[in-house]
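Working notes, structure below.
Readers should treat all values here as calculations from the given coordinates under stated rules, not as data from a laboratory. Predicted model, so just to flag it, every value in this text is computed and none were measured. Here Cβ is always computed from backbone atoms with ideal geometry, including for glycine, and neighbour counts include all displayed protein chains.
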Amino acid sequence: MIKLALLDVPTVYALTGLSCLAGAAILIWLRADHRESGPAMTLFSAGILALGVGFLAFALRDDFTGWLTPLVGYAGFGVSSVLIWLGSRYLLGMQGGAALAGIALAAYLAMLFAIRQPSAPQGIARIVLNSLFVIGFMALAAFEAQRSPWMKLLRSVRMMRNLLVLFCVVVAVRMAAFLAQGIPVMADGTSGPGVLRSLFATLFGALPFAITVSVLSIVNSQLSARLGRMASTDDLTGLVSRRSLQESATRLLQRPAGEGCIALLMIDVDRFKPINDRYGHSVGDQVLRHAANVLRQVLRPDSLIVRYGGDEFCALVPVPGEAAAFVVAERLRATMESSPYRLDGQRIAITLSIGVSVHRQGKTLRQLLDEADRRAYRAKADGRNRVVAEDAPLAA
């Protein structure tokens, strides 16, 4: 008959503690490469470090008698769960909660100290107290991941949520095993070797480093997303940048024919150079931001509004029909004319020259842009502050 070989639990705890220290060091080392995620990485690093201290304390439990070593171990687990919760909030775009966490942690440590004596009943009480506290904060961390806007965007966030839920399940099942005496507690409050204890030690050994990996994956994915937004967004106005126009416009132009059509508006700010020359480039930038805000307010939310370059904008606007394209452009022109930029009591008038083209089957984006640009040029040549939606008739 083959006997099941039991794992050396103190050795597993020691290896887990050392791997936690390594994970904490990795997070701290890489923090400088991720400045925006630095606070979250610091909290996670401290949480993984506290977890490692807890595991190392339990690894040395057989070498040091008394109540101090298990107290350090349980304290490390409690501190870790609080720090991981706070880290998950910062990592996923939320802040605050430190005061609540501090109060809860202080109460937990006080109760832990009150049941520090090595006895079987107090040993069970420590296990239950620690398990409930850890489950509470790890579940909160999983909840932060679940309600985060990153949840649907990043697999790494879903992975972290699943790991945190798994951590809670393992802790809950372990607590139930102790209460049901599937893992017996001896008279001095310690638990002897056994199959279940070895199994839980092995599971605990895998989770901390897996959480470290998921945190790094989230941080890298967020950095990639931020770089993508920077590449597709104009820094000055926050509108879509010209370099991402082709990709964004292609999706919009592929709308089914039954949903109306797409109007392309080429928009020039009239006499922008004199504004720059008279008031300076800083005020010129503010004028462009003001113009961008008016475009956002007037045009439909599903429009694609682009900073095309300099004082030029373009917008792709869904409209019910070709006649509506001119109406939308005229409403935009009139709104801008009645919305001057205000500078220290002065009113800086802003007007627009707008060329309009409408997408028809077979037309490319380049053809639409050229057509609208040609009409915007004609609007300027005809006196500015006007909308042109058709080409001039050819001379007979």
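Can you pull the semi-axes for region 240-388, root of five times each eigenvalue of the Cα gyration tensor, sorted largest first, whole Å?
27, 15, 14
Given an 8 Å cut-off on Cα distances and at least 6 residues of separation, report the relative contact order of region 9-232 as a percent. Walk me through the numbers on the way to the answer.
Details: 307 pairs, mean separation 50.5, N = 224.
Relative contact order comes out at 23 percent.
What does region 46-89 give for Rg and for Dmax, in Å, if only its C-alpha atoms count?
11.2, 38
Can you tell me, using C-alpha contacts under 8 Å and at least 6 residues apart, the relative contact order of region 242-354 as a whole percent?
35 percent
So which trypsin sites (Lys or Arg not before Pro) in region 99-164 end up in coil per DSSP with only 12 or fewer other C-beta atoms within 10 Å? Walk me through the numbers on the way to the answer.
Numbers: sites: Arg116, Arg126, Arg147, Lys152, Arg155, Arg158, Arg161; in loops: Arg116, Lys152.
When the trypsin sites (Lys or Arg not before Pro) of region 99-164 are filtered for loop state and at most 12 Cβ neighbours within 10 Å, Lys152 remain.
Sum up the charges of everything whose Cβ sits under 14 Å from the Cβ of Leu199, counting Lys and Arg as +1 and Asp and Glu as -1, but leave Leu199 out.
Computed value for this residue: +1.
List the trypsin sites (Lys or Arg not before Pro) within region 348-380 that fall in a DSSP loop (any state other than H, G, I, E or B) and whose Cβ has at most 12 other Cβ atoms within 10 Å.
Passing sites in region 348-380 are Arg360.
Could you compute the net charge surrounding Phe178? Neighbours are other residues with a C-beta less than 14 Å from the C-beta of Phe178; K and R count +1, D and E count -1.
With Lys, Arg at +1 and Asp, Glu at -1, the net is +3.
So what's the Cα pair-distance distribution over the chain, bin width 10 Å, in %?
Going from the shortest bin to the longest, the percentages are 5, 18, 19, 13, 12, 11, 10, 8, 3, 1, 0.
First measure r as the distance between the Cβ atoms of Ser282 and Ser248, then evaluate 1/(1 + (r/R0)^6) with R0 = 22 Å and state the FRET efficiency to the nearest 0.05.
Numbers: r = 29 Å, r/R0 = 1.33.
Efficiency at R0 = 22 Å is approximately 0.15.
For region 15-143, what class follows from the C-alpha gyration tensor (a ≥ b ≥ c being the square roots of its eigenvalues): rounded when a/c is under 1.5, otherwise prolate if a/b is larger than b/c, else oblate? Write down the numbers at each step before the final one.
Details: a/c = 2.89, a/b = 1.53, b/c = 1.89.
Because a/c hits 1.5 or more and a/b fails to exceed b/c, region 15-143 counts as oblate.
Starting from the Cα of Ala106, move 7 Å in the Cα-to-Cβ direction to define the label point; list residues of region 73-99 whose amide nitrogen is under 14 Å from there.
Label zone hits: 98-99.
Can you tell me the relative contact order of the chain? Whole percent, Cα pairs under 8 Å, sequence separation 6 or more. If you can, show how the numbers build up before the last one.
Working: 591 pairs, mean separation 48.7, N = 396.
This gives 12 percent for the chain.
Would you look at the GNM of the chain, springs on alpha carbons closer than 10 Å, and say which of Pro70, Pro208, Pro274 moves the most?
Pro274
Provide the FRET efficiency to the nearest 0.05 for the Arg35-Leu343 pair, computing r from the beta carbons and using R0 = 45 Å.
Efficiency computed from Cβ-Cβ geometry: 0.85.
How do the peptides 165-173, 16-24, 80-88 rank, highest first, by the average count of neighbouring beta carbon atoms within 10 Å per residue?
80-88, 16-24, 165-173
When the dipole is taken about the Cα centre of the chain, and only Lys, Arg (+1) and Asp, Glu (-1) are charged at their Cβ, what size is it in debye, to the nearest 20? Show your work: numbers first, answer last.
Values: 40 positive and 28 negative charges, 65 e Å.
Result for the chain is approximately 320 debye, rounded to the nearest 20.
Tabulate in residue order the Karplus-calculated ³J(HN,Hα) for region 86-102, using 6.51 cos²θ - 1.76 cosθ + 1.60 with θ = phi - 60°, rounded to whole Hz; enter x for Gly and Pro.
4, x, 5, 5, 5, 5, 9, x, 10, 9, x, x, 5, 5, 4, 5, x
Compute the orientation-averaged projected area for region 59-131 from the convex hull of its Cα atoms and round it to one decimal in nm². Intermediate results must be reported in sequence, preceding the final value.
Details: hull surface 21.3 nm².
Across all orientations, region 59-131 yields a mean hull projection of 5.3 nm².
Across region 9-232, how large is the tail of the calculated P(r) beyond 23 Å, expressed as a percent of all Cα pairs? Please report the intermediate quantities before stating the final value.
Working: 11367 of 24976 pairs.
Within region 9-232, distances greater than 23 Å cover 46 percent of Cα pairs.
Considering only DSSP beta bridges whose two residues both sit in the chain, what percent are antiparallel, to the nearest 5?
So the antiparallel bridges in the chain amount to around 85 percent.
Pulled fully out, how much extra length does the chain show between Ser232 and Phe113, if you take 0.36 nm times their separation in residues and subtract their Cα-Cα distance?
37.3 nm
Per-residue ellipticity at 222 nm for the chain, helices alone: DSSP H runs ≥ 4 residues times -39500 (n - 2.57), over residue total, nearest 500 deg cm²/dmol?
So the calculated ellipticity at 222 nm is -21500 deg cm²/dmol.
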